[in-house]
Amino acid sequence: MAGLLAVAALAEAYDEVVLVERDPMRPDPAPRRGVPQGRHVHVLLSRGAKAIETLLPGILTELTADGGMTLDNLNQLHADIDGHVLCQADAPMDRAHLQTRPFLEAHVLARVRALPDVRILDDHDVVELRWEGTRVVGATVVPRAAPDEDVELDADLTVSALGRNGRVGAWLTDHGYEAPTEQELRIDLMYATRLMRLDATRVNGYRGVLVGAKPSRPTGISLLQQEDDAWIVTVEAFAGHHPATDPEGWLDEAVRLTPPQFRDALRSAEPVTDVSVHRFPANLWRRYDRLRDFPEGLLVTGDSICSFNPVYGQGMTVAALEAGLLRELVRSGTHDLAHRFFHQAAKPVRIAWEAAVGGDLSMPPDVVPGRRTVVVRAANAYLDRYLTAAEQDAVLALDFLDVTGLDKPARALVSPHALRAIARNSRNHDRESGPRRAA
Ligand SMILES: Cc1cc2nc3c(=O)[nH]c(=O)nc-3n(C[C@H](O)[C@H](O)[C@H](O)COP(=O)(O)OP(=O)(O)OC[C@H]3O[C@@H](n4cnc5c(N)ncnc54)[C@H](O)[C@@H]3O)c2cc1C
């Protein structure tokens, strides 16, 4: 996704842009080997949707016209965050897009393929960067059908979007550069997902049910309506609590985690796919922004820079923001591009990182080991009070979704309205629980 969006970002500035991909890139939506996470829930947050629309105008209309779903109103979402069910008033919200990853990718691919002077070189492996001194001047690629034949590609700019496990760090060190330092928070998360045909009339107009993991139960579930009347149902769990993956055990667990009012719909749903499993070891941020020396002619983007606990749904949005940034930067020339890009991309990455890591550190230390700074502990304690107030208050619920959707800065959670609502809530709580005694 980061690669496709980078192509969309660069197409206006370069005479030709070549996308190299090891998988066959078929026009019809289908899971593919290079993106194993594609069988799992992939929400496009509202900020990411807007960023993709800026790069490829009209794409959001195409998605919904072809059957993609949206979340537009608080009353379509049952979101249980840390044991707090967000207010479900009738209130419009910034639109998040719900569809399978292959469906989204097929739409982005079709638009990218149609751009003038874009060439898709699929079924090809990138095996090396090409160098002229300290400058990257392209890549060596190998057709999958003819593994003994190297193809040399020349490029003024090479963008590495090879995902979390891409080899660009090794290519840099092989050429005498330092690899970026890594920040990591291990979570050992497991996803177990099944696409189900679920009778939408049994869920009362809801399009999404999210029950997040919480310290007393590090397991969560999401049920989200997708294209073609399908629902994607994912059970996600932290280390030591991984879900069953056999169909019966998985369904038992999914039903147990689902709020009672949606259980019948889930129990009677018809499976469309088998249970797919994905292990996600750690949040991982490679600090390209801190490197002093980086070759000219090369950039890195997407999960190769940072991959976040997927339950927060941020990865594609950050990739889209990086692509938007790339487009802006090349408009003013490529001088010092890598430094400018990594430096500015670190801003959205940091926002998403702090949200993901901060959330994960609210789990007990035996589930997510790591240092809980005073700031993280204070933020999580405040968030608990905020979410309590957001159970009744639509503005707070919307602001929470906007902040986690990367649409508003975190300071929206400490607005005067939020502080008043929290104070009012505490006073009511004190009144209900009687006078406090000093001991
Ligand atoms: C389980 C799970 C659920 C997720 N859910 C969400 C979600 O709800 N919302 C969201 O926004 N994000 C989600 N994400 C994150 C999202 O998948 C990524 O952030 C997003 O796809 C951007 O990643 P990328 O393009 O950098 O890498 P990828 O999507 O991993 O793509 C890398 C591409 O590079 C290709 N490739 C790799 N090596 C080579 C090579 N040597 N030569 C040629 N091609 C190569 C691969 O085939 C692949 O196509 C989820 C991730 C996981 C793991």
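The values are calculated or read from the model by the stated rules, or taken from the named source; none is laboratory data. If you're wondering where the values come from, they're calculated on a predicted model, not measured in any experiment. Glycine also receives a Cβ, built like all others from the backbone with ideal geometry; neighbour counts cover every protein chain displayed.
Per-structure values
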| item | result |
| --- | --- |
| Selection count, segment 20-43, where residues are closer than 21 Å to D117 by Cα and in a helix (DSSP H, G or I) | 0 |
| Conditions (1) modelled with pLDDT of 95 or more; (2) surrounded by fewer than 20 Cβ atoms within 10 Å (Cβ to Cβ): number failed by V211 | (2) |
| Residue ID - nearest to G83 (Cα to Cα), chosen from residues in segment 370-390 that are surrounded by 13 or more Cβ atoms within 10 Å (Cβ to Cβ) and over 25 Å from the mean Cα position of the chain (by Cα) | T388 |
| Of the criteria (1) more than 12 Å from the ligand (Cβ to nearest atom); (2) within 18 Å of the chain's Cα centre (by Cα); (3) crowded, with 16+ Cβ neighbours inside 10 Å, which one L198 fails | (2) |
| Segment 146-173 - residue that is farther than 25 Å from A323 by Cβ and touching a strand residue (DSSP E or B) at 6+ places or on another chain (Cβ under 9 Å) and, of those, farthest from the ligand (Cβ to nearest atom) | D148 |
| Residue in segment 354-367 that is farther than 30 Å from L55 by Cβ, free of Cβ contacts under 8 Å to residues at least 24 places away in the same chain and not small (G, A, S) present | yes |
| Count - residues of segment 297-333 that are in a helix (DSSP H, G or I), among the hydrophobic types (A, V, I, L, M, F, W, C) and within 17 Å of D360 (Cβ to Cβ) | 2 |
| From the options V41, V35, residue that is buried (at least 21 other Cβ atoms within 10 Å of the Cβ) and within 7 Å of the ligand (Cβ to nearest atom) | V41 |
| Every residue from segment 280-297 that is over 14 Å from V357 (Cβ atoms) and in contact with a Cys (Cβ under 8 Å, 6 or more places away or on another chain) | R286 |
| Residue match in segment 60-73 (condition: touching a residue at least 60 places away in the same chain (Cβ under 8 Å), more than 13 Å from the ligand (Cβ to nearest atom), of a type in the set (A, V, I, L, M, F, W, C) and under 27 Å from P310 (Cβ atoms)) | yes |
| Where a residue in segment 1-19 is more than 16 Å from R119 (Cβ to Cβ) and its partner, wherever it lies, is of a type in the set (S, T, N, Q) and within 16 Å of the ligand (Cβ to nearest atom), with Cβ under 9 Å and at least six apart | A2/T301; A2/S304; L5/T301 |
| T301, sole failed condition from (1) of a type in the set (V, I, T); (2) in contact with a Ser or Thr (Cβ under 9 Å, 6 or more places away or on another chain); (3) away from the ligand (no atom under 16 Å from the Cβ) | (3) |
| Among (1) under 22 Å from V203 (Cβ atoms); (2) within 14 Å of the ligand (Cβ to nearest atom) - the single one M25 does not satisfy | (1) |
| Some residue of segment 270-293 being more than 24 Å from T54 (Cα to Cα), among the aromatic types (F, W, Y) and away from the ligand (no atom under 16 Å from the Cβ) | no |
| Any hit, segment 127-136, residues being under 29 Å from P24 (Cβ atoms) and not in a strand (DSSP E or B) | no |
| Residue count, segment 264-277 (criterion: touching a helix residue (DSSP H, G or I) at 6+ places or on another chain (Cβ under 7 Å) and either in the same structural domain as W171 (by TED's automatic domain parsing) or charged (D, E, K, R) (or both)) | 2 |
| Subset of segment 109-133 that is buried (at least 16 other Cβ atoms within 10 Å of the Cβ), away from the ligand (no atom under 11 Å from the Cβ) and more than 16 Å from V151 (Cβ to Cβ) - its residue that is farthest from the chain's Cα centre (by Cα) | W131 |
| Residue that is farthest from Q183 (Cα to Cα), among those in segment 334-389 that are of a type in the set (S, T, Y) and in a helix (DSSP H, G or I) | T388 |
| Qualifying position, being buried (at least 16 other Cβ atoms within 10 Å of the Cβ), of a type in the set (A, V, I, L, M, F, W, C) and within 29 Å of the chain's Cα centre (by Cα), among V136, V159 | V159 |
| Boolean, A345 is modelled with pLDDT of 95 or more, under 27 Å from A412 (Cα atoms) and within 16 Å of the ligand (Cβ to nearest atom) | yes |
| Condition broken by L55, with the remaining ones in (1) at pLDDT below 95; (2) out of contact with any Ser or Thr (no Cβ under 8 Å at 6 or more places or on another chain) satisfied | (1) |
| Members of segment 258-296 that are touching a strand residue (DSSP E or B) at 6+ places or on another chain (Cβ under 9 Å), small (G, A, S) and in a loop (DSSP other than H, G, I, E, B) | A269 |
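Residues are listed down the side, and each one gets a yes or a no for (1) away from the ligand (no atom under 15 Å from the Cβ); (2) out of contact with any Gly (no Cβ under 8 Å at 6 or more places or on another chain):
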position	(1), (2)
I81	yes, no
Q88	yes, yes
R95	no, yes
L98	no, no
